[in-house]
Structure formats: structure tokens, C-alpha cells
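Worksheet: the structure to be examined is printed underneath.
The values are calculated or read from the model by the stated rules, or taken from the named source; none is laboratory data. Keep in mind that what you see is a predicted model, and the values were worked out from it rather than measured. All Cβ positions, glycine included, derive from the backbone under ideal geometry; neighbour counts span all protein chains shown. Protein only, heavy atoms only, side chains kept; ligands, DNA and RNA dropped before computing areas. Shrake-Rupley method; radii C 1.70, N 1.55, O 1.52, S 1.80 Å.
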Amino acid sequence: MVVTARPATAADTDSASLTDLLPDCWREGNNRRSLVAVDQVGRVLGHCRGIDNDFHPDSRTFVWEILEQEHLGERSWAEVADALLEAQVEVSTLSLRLKPSVEETELIELCARHSGVLVQLMPPWRYVVDGPLRAWTAEHRSTSDGLVAETAGEARGVEMLDVYVEHYTAQHARWSPAADGPQLRTENAPDFVPGAAGSFDPARSTVLVRAGRIVAQALVWPPEEDGGAEVTLQSRPHEGPTSRQDMEACLAAFVERSADGDVLLIDSHVTEELESAMMRGVPGPPPHPGDTWTAIVGIPVAGGPGPLPLPRDLVPEDVADRFAALIR
């Protein structure tokens, strides 16, 4: 008995076990494909899609869902996963992106079998407002020229969007080029309308203003399911001489406005030397069971732009062996 893949049909979407299954070509004009894996009797075991990334036009997000092992019968998770990923590679014109954590051994092995390339690493991102973090805050609340970050409020949304687009573009230029500025503004504009669903919180977000313009910001987003608050730290310019202390002042001002025990989710990338150095200095709590290193892996496709490998010297020693099969 073998596992094969084919385009998903409207009839396949009746499956109660696969909640996000959509028929092939479910949205016109953006070259998305929806495929299912089936056994010899035609039973659907899983599905996948390749979704165009409006923020990064040179890659495509790979999303999928596979039945629990107890429902796969004689088939293994790996067999179904291989069939789906191989089929999506065949129909995609852009490299695919997956995000295995360091603990997801099977997913890392799957990526390796399909020539996956490690393009980015993101360290644990969970911080808790406690005594050590408040002590750090007291030391970093003011910049060397005496500036202190202030509450963002609702009046600076347009300028904050400008900072967001500038920083995001520079932050990803080395390893995953972003869409052009006008498109990024269009895609992100709804998130900078105070009070709109999914928008940043103007009462908790902070900005640092120098000579009348925002030079750094800490954007606080709606709470996650576990209550944690995602915080985006940005500066203008991206890696200027005062960028680190400017972002630190914004983070410190946000922590001052937070309660003890609040959970902050702050992501960073190992390719960002300034950003990584800054976050290594921020005290965090003992490791959380669900808080670990996460990789971004590119799966190459024929004729598409190839994923840019993460330089070997940027891979920390404590996780290098776990992602060794993906390092190019």
C-alpha cells in the first residue's frame, strides 16, 4: 500500500478530520495549489497548500495538516508528509518555507530529505516581567543623550507605519528580501489604525522621539491565546549608532507600564548582529517548556530562486547539531 498525492477536490473538503482542507485553485490569480495525500483505496490522509507570501515575494508558505497516527492505519506520518511535500515542490514555482523548532526532529528530517536549507534561526522569545527585568529596565530607560521613550498614543500611526516598513525592509534584506515599500505599506496599514482589529495597542506601545521624529518604537500587539504580549522592537535607521539604546529605551518604557508576571514575546534573528546582542542582554526567566529555538527552512524548487543559506558561523553551537542536516 502506497501513499500518493493529487489535487484536492470539492468532495475532499467534506472530511471532518481535516479542518482546513480547500479545493485546488481555491483562489484565482496567485498560483496557489491545494493537494491531498491518499492511500490505495482513496482515503484522504492529509492535505497541503503553497501560499504566496505577500511580504516576501520570493518564497511561498507551506501549510499542511495530517491525520493523527491512530487514523493513518498502516501508513506512517513520514510517508504522508513526504508525499505532500514532494507534490507541492513539483507544482510550485517558488521555494517553500517551513518553521521547525529544535525539538521537532521528524520535521527537521523531512526538510533534510527534500534538500531543505537553513535560512534563519530565531532564539527563545519568552520574557517575564520580574525583578531582574525591572533592574535591567532601570539601567536602560534613558539614552545617552537623555531621552526617555513615551507612550505611542493614537496620533502617530502613520509615522509608526513608516518606521515599521523601513525597519522590516532592512531587517530582511540579507536573507529574505521583502516586497517593495508601497506594497508593504498597503499590507500593514490596517495594523496601524488604532482601535482596529489586530492593530497595535497605542496605550501600551512606546516610541522614542529625537529632533521631532520617531527613531525607535516598541509595538505591542493584541494578546496571544496564552495571554502573552508580542512586542516588535524597531529603529530608524535599522542599525545606526544609537539604534540599540533607542530600542532598549522603548522596551524599558513598555516594561515600566507592565505588571509583574506579564509575559512578553520578543522575537529576534541570528542574522541581526545588533538585535541579537541587544536581546542577549535582556534577562529572561528559566526556559519555558514551549519556548525553544525555531528555524526557518527553505525547500528549493526547480526553476525558482534558491533559498539563501544562513552562514555557518551564525549558527550557535548549542543548536548546531540539531539542525546540522540543514546547514549548507
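Observations on the model:
- The translational diffusion coefficient of the chain, from Stokes-Einstein at 4 °C and 1.567 mPa s with a Kirkwood hydrodynamic radius over alpha carbon pairs, comes to 60 µm²/s.
- Averaged over its residues, the stretch 24-107 has an accessible area of 46 Å² per residue, based on protein heavy atoms and a 1.4 Å probe.
- Residue-count net charge about VAL215 - beta-carbon cut-off 14 Å; Lys, Arg +1, Asp, Glu -1: -3
- Hull-based mean projected area of the stretch 66-121, where the convex hull spans the alpha carbons, in square nanometres: 4.4 nm²
- Here the dipole of the stretch 216-303 is about 260 debye; that uses its Cα centre as origin and unit charges on the Cβ of Lys and Arg (positive) and Asp and Glu (negative).
- Farthest positive-ward along the stretch 61-156 dipole, Cα basis, beta-carbon charges - from LEU84, SER142, LEU72: SER142
- Cα convex hull, the stretch 1-98: 93 Å³ per residue, rounded to a whole number.
- Extension gain (nm, one decimal) between LEU274 and SER144, 0.36 nm per residue minus Cα-Cα: 45.1 nm
- Tail weight of P(r) past 20 Å, computed on alpha-carbon pairs of the stretch 121-218, percent: 52 percent
- Accessible area of the chain belonging to carbon and sulfur atoms, whole % at 1.4 Å probe: 52 percent
- P(r) of the stretch 245-313 over all Cα-Cα pairs, binned every 10 Å from zero, in whole percent: 13, 38, 28, 14, 6, 0
- Pairs of alpha carbons in the stretch 186-291 whose separation is greater than 17 Å (percent): 57 percent
- Its relative contact order, with pairs defined as Cα atoms under 8 Å and 6+ residues apart, puts the chain at 23 percent.
- In a reduced charge model with +1 at each Lys and Arg Cβ and -1 at each Asp and Glu Cβ, the chain shows a dipole moment near 740 debye about its Cα centre.
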